[in-house]
Every structure is written in C-alpha cells, then in structure tokens.
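Structure first, commentary second.
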Amino acid sequence: MKNNKSKRIASYIVMPLLFIILGFIVLFISGKPVAAMIEAYGNMIITKGAPGYGNEYDPELSKLVMNKKSTFHTNQIQVPALETHYANLYCERVELDAPVYYGDSDTVLSYGVGQYAASGLPGEGKPILIGGHDATYFAPLEHINIGDIVTIETNYGQFEYKVAATRITDALETDSYDLSQAKEQLILYTCYPFNQLLGDSSERFFVYCDRILDSETVSE
C-alpha cells in the first residue's frame, strides 16, 4: 500500500516535469527559425570593416532639399551627421526609391537604407557602401539587371551609376567589397534569399555599380 502511494506521489511530480521539458523542446524547435532570421538581420553583413548596428537615434532627422545642378564644387561635399537623411537613391526600372541615411543603425534601417560611415560620399571618387533590408527598401534589388541605372540625389548634386555586376556571397566572406580602391563604385547589399521570413538568411546579395554621367565636378 505504501509502495502504491509512493508511486502515485512520484507520478504527480514526474509527469508535470515531463510535460514542461517537452514544452521547452517544442518551443525551442518552433522558435529556432525565427531566432535565426532575427540573428541574420542583426548581422546583415560581417565582412572586413563591416557596418555596425548601434541603437543611437537622432530625432531631428534632416529634411533633404535635392539639388539637380549640372555642376557642383568639391568643397560643397560635407560629411553628414550620423543618422541624418542626406540623399535619395533611385532605380526607375525596378521601382527602387529609398531615402539614404548616413550610418547604419537598426533605427536608420527602419526608415530607409544606411550608408557605412567609413565609405565615401557621392562625388568624392571613393567606393560608397549602402545596405538595406531585403523585405523593405531593398526588395527591388531582386529584379535589378546589369546595365540598369541607379541615381543618387544629394543636396549638392545628382550622380548616376550603371550596374556592372551582381554577386551572392556567404555572410562570412571577406572579399565582397573593397573600400580602398581608387574609384567611385556604388556598392549596394542586402540579405539573401529575398523575403525569406523563416530560416537562416546566411547569404548576402551585392550590386556593384560604376559611376557614369552625373554632375560635373568643379575643384577649387
């Protein structure tokens, strides 16, 4: 009798513990794809000198006045404050239309696309690295082709770039871009595959554009 009572007591303790353990296992399995997606977005690109994702937020985002002048002076190029809207980026054929912010925090990427602050500005003659989320502002990159024209408009001039190549790389690949090259190359990147809500977006999609017709540079 005493043994039966002990067995009943043990069953009251063991069974709930088993259900709790099974519940944790189910939650872990079902939540893993979502966690992987969040981790992938948080590590959109982790190559050499890659953009970081801080939490700083400047509520006074500037209202950009575009300038489509045919000429501009190089001394008009000024480094924007972090998290300010300093340009707009277009590609008419694929209906790409995105505000460009200086910096690449999570907040910036919720408002538009973000430029890595260690890359060049339009007109400087240096590589420009801009990233955005594949499910929002950079979703049109899925349909971009070689030869498409990408335009950046700033408050000091308009700049045009022609798509020269695209590339899919692993997130850990370290030679996806070169910011030390002596030419103005526009480099756009996003997570890949596009619009993958579940699973690990462990690859990156890069678009490489060469500068062509734009505002004429006038040096002082």
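What to note about this one:
- When region 177-192 is filtered for residues that are within 20 Å of Asp148 (Cβ to Cβ) and either of a type in the set (S, T, N, Q) or assigned to a loop (DSSP other than H, G, I, E, B) (or both), the ones remaining, listed by number, are Tyr177, Lys183, Glu184, Gln185, Thr190.
- Within region 150-174, the residues that satisfy the criterion of being among the hydrophobic types (A, V, I, L, M, F, W, C) and crowded, with 20+ Cβ neighbours inside 10 Å are Val150, Ile152, Phe159, Val163.
- Against the numbered list (1) hydrophobic (A, V, I, L, M, F, W, C); (2) closer than 25 Å to Tyr102 by Cβ; (3) touching a Lys or Arg at 6+ places or on another chain (Cβ under 9 Å), Leu188 comes up short only at (3).
- Out of Ala117, Ala139, Ala135, Ala165, sole residue that is small (Gly, Ala, Ser) and in contact with a Pro (Cβ under 9 Å, 6 or more places away or on another chain): Ala117
- Qualifying residue in region 102-109 (condition: touching a strand residue (DSSP E or B) at 6+ places or on another chain (Cβ under 7 Å), among the aliphatic types (A, V, I, L, M) and within 15 Å of Ile187 (Cα to Cα)): no
- Residue within region 108-130 that is at pLDDT 95 or above, surrounded by fewer than 15 Cβ atoms within 10 Å (Cβ to Cβ) and at positive phi present: no
- For region 133-149, filtering for residues that are of a type in the set (A, V, I, L, M, F, W, C), more than 27 Å from Gln76 (Cβ to Cβ) and surrounded by fewer than 20 Cβ atoms within 10 Å (Cβ to Cβ) leaves 3.
- Leu179 meets all of the listed conditions (1) more than 23 Å from Pro80 (Cβ to Cβ); (2) among the aliphatic types (A, V, I, L, M); (3) more than 12 Å from the chain's Cα centre (by Cα) but one, namely (1).
- Within region 69-120, the set of residues being among the acidic types (Asp, Glu), within 16 Å of the chain's Cα centre (by Cα) and under 17 Å from Tyr161 (Cβ atoms) comprises Asp97 only.
- Cβ pairs under 6 Å, 6+ apart, first in region 83-98 and in contact (Cβ under 8 Å) with a residue 12 or more places away in the chain and over 17 Å from Phe159 (Cα atoms), second surrounded by fewer than 22 Cβ atoms within 10 Å (Cβ to Cβ) and of a type in the set (Phe, Trp, Tyr): Thr84/Tyr102
The values are calculated or read from the model by the stated rules, or taken from the named source; none is laboratory data. For clarity, every value in this text was computed on a predicted model and none was experimentally measured. So basically every Cβ, Gly included, is an ideal-geometry build from the backbone, and we count neighbours across all protein chains shown.
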